[in-house]
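Novice: First the structure, then my questions, so here it is.
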Amino acid sequence: MSKKDHVLEIDKRPDSLPQNSRREFFKKTAIYSASAISAASILAPITLKADEPEIMDLAEWGTKLGDRVDKYTYGVPSLYEHNNIRRVNDLLSSGDRYATVSMSPLHQQEGIITPNGLFFSRSHGGTAQIDPNKWRLMIHGLVEKPLVLTLQQLKRYPSESRIHFIECPANGSTGWRGPQFNNLQFVKGMMSCAEWTGVRLKTILDDLGLKPNAQWMLAEGSDNSEMARSIPVEKVLDDAMLVWGQNGEPLRPEQGYPVRLLLPGWEGNLNVKWIKRLEFAEKPWHSKEETSKYTMLQPSGKAIEFFWPMEVNSVITSPCPEVPWTDLKVGDWVEISGIAWSGRGTIKTVDISLDGGNNWTQASIKGLVLPKCWTRFSYIIKWDGKKKVLLSRAIDDSGHIQPTIDQLIKNVGVEGIYHRNPIIGWEVTKKGEVNNVHVRS
């Protein structure tokens, strides 16, 4: 084929050619397409076959009209994404589906924003369905001008949008004593990340006037459990928000519609949903959720009562038990990727180990790097068909380093289930299967 002939061939429109001509066209151009892709890609090689039905034949969906534009007044996922859902397990429920947690499918998520329909959900008395026209927020106690706000009045304050994760302090507790679930979703699915829209609490308090002796705030929800937590004023005045928007739309009911409290980086239980009351006082309230629950048990048998920020953490999301490497061939390039986060600040670096922690190398940080937010990391290797034990270790800008399992046990023992942030291990077999393993050293 001459250069001139080649130019003529690639200028033709295959859709307008007879079937035989289309077949010849793809046969002649496949070699050029394959070489171009190989030069542009550093990952698994791609092989094109000119006679594949998916290439040669018109796709069924392209021969008829699709759904009407107005079929769904609120968009829905593709029917082929039916496995991309939150999941609940009986072991994590109190005998019902009211006081439980619904896990987010981390292995299916892209980027750092969790879709609202996949955002993990934790309830203590079911999901409250609140009429926004009847919702009220009372702010009282040690403030100069106590008041009650409607939703419309709250939204009159200057708003802002910020991206932060929320994590249940029990995230990772499902396998604390040993591997219990062989999947990522139930190992680390008690967390998600979103863009939140609302008003800074400091903005409201600047308007109302906070009395000098106000040291604590009680945040109380209006759901069946009436969740209540004591929060130090320092955090309230720092970055606490009352939010009504999530990823560009109103909060979902399971996320506290119409308004919830957001305390960036602090344990999820403090981010009270369906908020109804904020009271300011000199001392904490010692509510049920900060005495008998959500405390950090120590080796001595005593518990730390107020234990707020979520520690530096990371997890490899690909590969994982749900996303194995069973389709790889020896010599294929493949990406190891995951999420890192810290309630104390910004992720600085993430290290990767392929041999269970004997050797470490620094991964690449991908995309946005924001405080108290998910951060994506990546490391590319060539698959050699040999068994590996993959680990990730995050370091934040406050100097905290994600600990090993043994380091964490030495410091806090084995009885408490909250704030467990040890390095997580995935065993990759010679066949590319992935298993949840604990690496002890």
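The values are calculated or read from the model by the stated rules, or taken from the named source; none is laboratory data. Bear in mind that the values here come from a model prediction, so they are computed numbers and not experimental data. Virtual Cβ from ideal backbone geometry, glycine too; neighbours counted across all protein chains shown. For accessibility, only protein heavy atoms count, side chains too; no ligands or nucleic acids. Shrake-Rupley method; radii C 1.70, N 1.55, O 1.52, S 1.80 Å.
Novice: Report the local net charge at residue 258: Lys and Arg +1, Asp and Glu -1, summed over other residues whose C-beta lies under 14 Å from its C-beta.
Specialist: Counting the neighbours of residue 258, the net charge comes to +3.
Novice: Moving on to the next point. Which shape class applies to segment 176-299: rounded if a/c is under 1.5, otherwise prolate when a/b exceeds b/c and oblate if not, where a ≥ b ≥ c are the square roots of the Cα gyration tensor eigenvalues?
Specialist: Oblate, since a/c reaches 1.5 and b/c is not below a/b.
Novice: Given the peptides 130-141, 53-64, arrange them by the average over their residues of other C-beta atoms within 10 Å, most packed first.
Specialist: Final packing ranking: 130-141, 53-64.
Novice: Is segment 341-441 rounded, prolate or oblate when judged by the Cα gyration tensor, a ≥ b ≥ c being the square roots of its eigenvalues, rounded requiring a/c under 1.5 and prolate requiring a/b larger than b/c? Don't jump to the answer; show the numbers that get you there.
Specialist: Values: a/c = 2.20, a/b = 1.18, b/c = 1.87.
Note, shape of segment 341-441 comes out oblate.
Novice: Now for a separate question. Over the chain, what is the relative contact order in percent, taking alpha-carbon pairs closer than 8 angstrom and at least six residues apart?
Specialist: 14
Novice: Report in % the part of the accessible area of the chain that belongs to carbon and sulfur, leaving out ligands and nucleic acids; probe 1.4 Å.
Specialist: The computed percentage sits at 52.
Novice: Residues with beta-carbon under 10 Å from that of residue 162, excluding residue 162: net charge, scoring Lys, Arg +1 and Asp, Glu -1?
Specialist: Neighbour charge sum, excluding residue 162 itself: -1.
Novice: Label-point separation (nm) for residue 386 and residue 57, each offset 7 Å from Cα along Cα-to-Cβ?
Specialist: 4.5
Novice: Still on this structure, I have one more. If packing is taken as the average number of other Cβ atoms within 10 Å across a peptide's residues, how do 427-435, 272-280 rank, most packed first?
Specialist: In descending order of packing, they fall as 272-280, 427-435.
Novice: Ranked highest first by the average count of other Cβ atoms within 10 Å around their residues, in what order do 162-168, 116-122 fall?
Specialist: Numbers: 162-168: 23.3, 116-122: 19.6.
Result, highest mean Cβ count within 10 Å first: 162-168, 116-122.
Novice: For residue 235, list the aspartates and glutamates whose Cα falls under 14 Å from its own Cα; do not include residues on the same chain fewer than 8 positions away.
Specialist: 267
Novice: Moving on. For the chain, what does -39500 (n - 2.57) per DSSP helix run (n ≥ 4), summed and divided by total residues, give at 222 nm, in deg cm²/dmol to the nearest 500?
Specialist: -4000 deg cm²/dmol
Novice: Residue 310: net charge of surrounding residues, Cβ under 10 Å, Lys/Arg +1, Asp/Glu -1, itself excluded?
Specialist: Net charge in that neighbourhood comes out at -1.
Novice: Based on the alpha-carbon gyration tensor of segment 378-437 and its eigenvalue square roots a ≥ b ≥ c, which shape applies: rounded if a/c is under 1.5, prolate if not and a/b is larger than b/c, or oblate?
Specialist: Because a/c hits 1.5 or more and a/b fails to exceed b/c, segment 378-437 counts as oblate.
Novice: Got the relative contact order for segment 313-356 handy, in percent, Cα pairs under 8 Å and 6 or more residues apart?
Specialist: On the way: 30 pairs, mean separation 19.2, N = 44.
Over segment 313-356, the number comes to 44 percent.
Novice: Could you tell me what percent of the DSSP beta bridges with both partners in the chain are antiparallel, to the nearest 5?
Specialist: 95
Novice: While we're looking at this one, here's another question. Could you give the dipole magnitude of segment 279-397 about its Cα centre, charging the beta-carbon of Lys and Arg +1 and that of Asp and Glu -1, in debye to the nearest 20?
Specialist: Computed about the Cα centre, the dipole is about 260 debye.
Novice: What distance in nm lies between label points placed 7 Å from Cα along the C-beta direction at residue 411 and residue 133?
Specialist: 5.2
Novice: In square angstrom, what is the accessible area per residue of the chain with a 1.4 angstrom probe?
Specialist: So the chain comes to 50 Å² accessible per residue, rounded to a whole number.
Novice: Computed from the coordinates I sent, P(r) over Cα pairs in 20 Å bins from 0, in percent equals one of [x] 20, 32, 29, 13, 4, 2, 0; [y] 22, 47, 24, 7, 0; [z] 18, 36, 23, 15, 6, 2, 0. Tell me the label.
Specialist: Recomputing P(r) over Cα pairs in 20 Å bins from 0, in percent here gives the entry labelled [y].
Novice: Measure up 283/410; 145/276; 202/366; 155/273; 188/276 against 28 Å on the Cα-Cα distance and list the ones that go over. Spell out each step's value before the answer.
Specialist: Numbers: 283/410 32 Å; 145/276 17 Å; 202/366 33 Å; 155/273 17 Å; 188/276 30 Å.
283/410; 202/366; 188/276, as the Cα separations exceed 28 Å there.
Novice: Using Cα pairs closer than 8 Å and at least 6 residues apart in sequence, work out the relative contact order for segment 302-441, in percent.
Specialist: 30
Novice: Taking 7 Å along the Cα-to-C-beta vector as the label spot, tell me the residue 292-residue 208 distance in nanometres, rounded to one decimal.
Specialist: Placing both labels 7 Å along Cα→Cβ, they lie 2.9 nm apart.
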